[in-house]
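Asker: Have a look at this one before I ask anything.
No value in this document is a laboratory result; all are computed from the given coordinates. None of the values given here were measured: they were computed from a predicted structure. Using ideal geometry, Cβ is built from the backbone for each residue, glycine included, and neighbour counts are taken over all protein chains shown.
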Amino acid sequence: MSDVELRLRSTGLTWRNVAGELIVLDLHGSVYLAANGTGALVWDTLSRGATRGALVELIVDRYGIAEAAAAIDVDDFLGRLSALGLIET
């Protein structure tokens, strides 16, 4: 999955960044989501398309955390988005 480009679902999503927090509305599922600054960074990057590896590298570079910790966080976030049907490959 590291080299597969992932992106947000192309329809039925709207979002805004409000005071550093991401607010998302899934119009298909009538689901409201919120994410912190790290989630907002990953979401924004996914809106343009990115690989898992690129997302991990982005978090490591931005926040200076260990790659293993960044990978766990990215995998958790991607897993949640995937379970909600918000990611396309």
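Asker: Give me the residue from region 61-89 that is touching a residue at least 12 places away in the same chain (Cβ under 8 Å) and hydroxyl-bearing (Ser, Thr, Tyr) and, out of that set, nearest to Ala40 (Cα to Cα).
Answerer: Tyr63
Asker: Report the residue count in region 46-89 for those that are part of a loop (DSSP other than H, G, I, E, B) and either among the polar types (S, T, N, Q) or loosely packed, with under 13 Cβ neighbours inside 10 Å (or both).
Answerer: Qualifying residue count for the region: 4.
Asker: Is at least one residue of region 24-35 at positive phi and in contact with a strand residue (DSSP E or B) (Cβ under 8 Å, 6 or more places away or on another chain)?
Answerer: No; the residues of region 24-35 include none that is at positive phi and in contact with a strand residue (DSSP E or B) (Cβ under 8 Å, 6 or more places away or on another chain).
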